[in-house]
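The values are calculated or read from the model by the stated rules, or taken from the named source; none is laboratory data. Computed from a predicted model, the values in this text were never measured in an experiment. When we count neighbours, we look across all protein chains shown, and the Cβ atoms used for this are built from the backbone with ideal geometry, even at glycine.
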Amino acid sequence: MALRIDILTIFPEMFAAPLATSIVGRAIAQGVVEVHVHDIRRWASGAHNKVDDRPFGGGPGMVFMCEPLTAAVEAVEQLDARPSTRFLLSPAGTPFTQPLARACAASARLMLICGHYEGIDERAIEELSLTELSIGDFVLSGGEIPALAVVDAVTRLLPGSLGHEDSAAQDSFTLHGEDGEPLLDCPHYTRPREWRGRIVPDVLLSGDHQAISQWRHEESIRRTRERRPDLAAQAPSGPRAHTRGI
Ligand code: 9D3
């Protein structure tokens, strides 16, 4: 059965175009993944469909209340017999990484809850067993774009979602160095051979496929060292002596 992803948000209108476009759009059309977007306000009570309130202890901003959110999550959970793994997109979350994307792609059902305001009542996070996820160290205005990033990263890993099956394995973060650490992608070139006085590296025109592979691998290592020295530390068994300069 196809992976099912439920998204809970107060801005459901943000999802239509991204979910209809490119690899995600095609995967949904082909039944490789099923994505359902739910408006949390449907479960809000009162005349103004209120979902947030002022923080106990004072301070700026508003806090998502327990009741509308738990009602929404519990109702959406019942829409399918499979239990969901639930994530709250939050700037205070644990980083979303490629290994996590792979784990998500191997699961049957995900629920992605989009945060807003200054946060969500902590008791709801505990009660609903939410794992908080961040997509990086920058401040967005809500969890909707992060939820779409998760949908994209997970969907492209599902069998049947890509045009050519091995392009997912060749991207940045899935190429690996000799210690198993992730490597950034190498530079790419296409025609013309010379453009504004800039030429394509000779080796790429040599027809020597072994030399080309070696050049690409070396460029990946050089780029990773230059741009992302932190990645060398991500080898499954830790960096080896030579990668620490010993
Ligand atoms: C005053 C503290 N702010 C945290 C830096 C509060 C706050 C800011 C922004 C609370 C929520 C948000 C909206 N962002 C997200 O919901 C979010 C997010 C992000 O901003 N960056 C990276 N990943 C994510 S996942 C969800």
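Summary table below
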| quantity | calculated |
| --- | --- |
| Residue within the stretch 155-162 that is part of a strand (DSSP E or B) and modelled with pLDDT of 95 or more present | no |
| Residue in the stretch 36-48 that is touching a His at 6+ places or on another chain (Cβ under 8 Å) and buried (at least 18 other Cβ atoms within 10 Å of the Cβ) present | no |
| Residue satisfying all of: in the stretch 128-148; more than 10 Å from the ligand (Cβ to nearest atom) and in a loop (DSSP other than H, G, I, E, B); farthest from residue 64 (Cα to Cα) among these | 129 |
| Number of the exception - residue 88 against (1) within 15 Å of residue 124 (Cα to Cα); (2) touching a Phe, Trp or Tyr at 6+ places or on another chain (Cβ under 9 Å) | (2) |
| Candidate set: the stretch 96-120, residues that are out of contact with any Leu (no Cβ under 8 Å at 6 or more places or on another chain) and within 23 Å of residue 145 (Cβ to Cβ); chosen: the one surrounded by the most Cβ atoms within 10 Å (Cβ to Cβ) | 116 |
| Residue 70 being under 15 Å from the mean Cα position of the chain (by Cα), in the same structural domain as residue 133 (by TED's automatic domain parsing) and of a type in the set (Val, Ile, Thr) | no |
| Hits in the stretch 131-147 (condition: out of contact with any His (no Cβ under 8 Å at 6 or more places or on another chain) and either over 20 Å from residue 77 (Cα atoms) or buried (at least 22 other Cβ atoms within 10 Å of the Cβ) (or both)) | 133, 134, 135, 136, 137, 138, 139, 140, 144, 145, 146, 147 |
| Out of 222, 216, sole residue that is out of contact with any helix residue (DSSP H, G or I) (no Cβ under 7 Å at 6 or more places or on another chain) and either under 18 Å from residue 233 (Cα atoms) or in a loop (DSSP other than H, G, I, E, B) (or both) | 222 |
| Any pair with Cβ under 8 angstrom, 6 or more apart, that starts in the stretch 221-234 at a residue that is at pLDDT 95 or above and ends at one that is assigned to a helix (DSSP H, G or I) | 224/231; 224/232; 225/232 |
| Per-region count, the stretch 98-127, residues over 18 Å from residue 36 (Cα atoms), within 16 Å of the ligand (Cβ to nearest atom) and of a type in the set (A, V, I, L, M) | 5 |
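Conditions (1) at pLDDT 95 or above; (2) assigned by TED's automatic domain parsing to the domain that holds residue 142; (3) of a type in the set (Val, Ile, Thr), marked per residue:
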site	(1), (2), (3)
48	no, yes, no
56	yes, yes, no
63	yes, yes, yes
75	yes, yes, no
88	yes, yes, no
96	yes, yes, no
115	no, yes, no
126	yes, yes, no
131	yes, yes, yes
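Conditions (1) without any contact (Cβ under 8 Å) to a residue 24 or more places away in the chain; (2) under 19 Å from residue 133 (Cβ atoms), marked per residue:
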{"position": "3", "(1), (2)": "no, yes"}
{"position": "7", "(1), (2)": "no, yes"}
{"position": "47", "(1), (2)": "yes, no"}
{"position": "58", "(1), (2)": "yes, no"}
{"position": "68", "(1), (2)": "no, no"}
{"position": "78", "(1), (2)": "yes, no"}
{"position": "87", "(1), (2)": "no, yes"}
{"position": "106", "(1), (2)": "yes, yes"}
{"position": "119", "(1), (2)": "no, yes"}
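Yes/no matrix, rows are residues, columns are (1) at pLDDT 95 or above; (2) assigned to a loop (DSSP other than H, G, I, E, B); (3) polar (S, T, N, Q); (4) under 12 Å from the mean Cα position of the chain (by Cα):
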| site | (1), (2), (3), (4) |
| --- | --- |
| 102 | yes, no, no, yes |
| 150 | yes, no, no, yes |
| 178 | no, yes, no, no |
| 185 | yes, yes, no, no |
| 191 | yes, yes, no, no |
